[in-house]
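In what follows, a single structure is set out as structure tokens and then discussed.
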Amino acid sequence: MESYRVAIIGLGGMGGHHAEAVQAEENCELVGGAEIDAERGRVWSERFGVTSIFGDYEKLFNEVEPDIALISTQAP
């Protein structure tokens, strides 16, 4: 079975639900996140045990190089 490295952009409520779903999958590894609110990113990092948290999604992509990115930001 193939394994996928997953990152999440937007670490609020929906980002937490997506992280739970990723961690429930055997073939997925949660490897990073991007969040403009530093405190929200810190809390999410502690909750899910992910240390690669960035304030900018482009830096996340360049440094973590995920296979999949889930975007859980609000439309506006």
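Report, in debye and to the nearest 20, how large the dipole of the chain comes out about its Cα centre when Lys and Arg carry +1 and Asp and Glu carry -1 on their Cβ.
About 220 debye.
Equivalent-ellipsoid semi-axes (√(5λ), Cα gyration tensor) for the chain, whole Å, largest first?
Each semi-axis is √(5λ); the values are 18, 13, 12 Å.
Restrict the search to the chain; then list the GluC sites (Glu not before Pro) that DSSP places in a loop and that have at most 10 other Cβ atoms within 10 Å of their Cβ.
Answer by residue number: Glu2, Glu26.
Bear in mind that the values in this text are calculations on the coordinates, not laboratory data. This structure is a prediction, so every number in the text was calculated from the model and none was measured. Note that we place each Cβ from the backbone using ideal geometry, even for glycine, and neighbour counts take in every protein chain shown.
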